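Colleague: Right, I'll just put the structure down here and ask away after.
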Amino acid sequence: MNKEDVDAVDILCKEVLKYIDRAVKEKTASDRTYKTVIKRVVKNGYVITDQAGQERIVPCGIPNIELRPMQSVYVKEPMGKLNELHICNVIENTNNSTRRNRIRQF
């Protein structure tokens, strides 16, 4: 590589590092999905523990599914908005016979 190529790569690396530093400082918002466990079922949703260790009541974004305590789930926090936190996927079997029967029909 000649000196011009080395200088171009050096400039590119510096620009990428500047962008990363700026993004970290601004804490750019993005969706976060993480694994947790349902602690208990309440009237208006499911009690889970968020990433900060706080208990939160969240709805389930999956239609026609019954969840139970101690079941592992994924929850999504859209764009860092804790008030929109919701269950987006189930890790373990739901033991929902209606769902099993519907799957068998296909």
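Colleague: Restricting to the range 54-77, what's the tally of residues that are open to solvent by 90 Å² or more (accessible area, probe 1.4 Å), among the charged types (D, E, K, R) and touching a strand residue (DSSP E or B) at 6+ places or on another chain (Cβ under 7 Å)? Spell out the reasoning first.
Modeller: First, the residues of the range 54-77 that are open to solvent by 90 Å² or more (accessible area, probe 1.4 Å): 54-55, 57, 63-64, 66, 70.
Filter once more, so that each one left must be among the charged types (D, E, K, R): 55, 66.
Then keep just the ones that are touching a strand residue (DSSP E or B) at 6+ places or on another chain (Cβ under 7 Å); that gives 55.
The qualifying residues number 1.
Colleague: A further question on this structure: Filter the range 19-53 down to the residues that are modelled with pLDDT of 90 or more and open to solvent by 100 Å² or more (accessible area, probe 1.4 Å), then identify the one that is nearest to Val90 (Cα to Cα).
Modeller: Among residues in the range 19-53 that are modelled with pLDDT of 90 or more and open to solvent by 100 Å² or more (accessible area, probe 1.4 Å), the one nearest to Val90 (Cα to Cα) is Lys35.
Colleague: Among Ile11, Ile103, which is the only one that is among the hydrophobic types (A, V, I, L, M, F, W, C) and at pLDDT below 90?
Modeller: Testing whether each residue is among the hydrophobic types (A, V, I, L, M, F, W, C) and at pLDDT below 90 leaves just Ile103.
The values are calculated or read from the model by the stated rules, or taken from the named source; none is laboratory data. Everything quoted here is computed from the prediction, not taken from an experiment. Glycine gets a Cβ as well: all are built from the backbone with ideal geometry, and neighbour counts include every protein chain shown. For the accessible areas, the whole protein counts, side chains as well, though only heavy atoms, and no ligand, DNA or RNA atoms are used. Shrake-Rupley method; radii C 1.70, N 1.55, O 1.52, S 1.80 Å.
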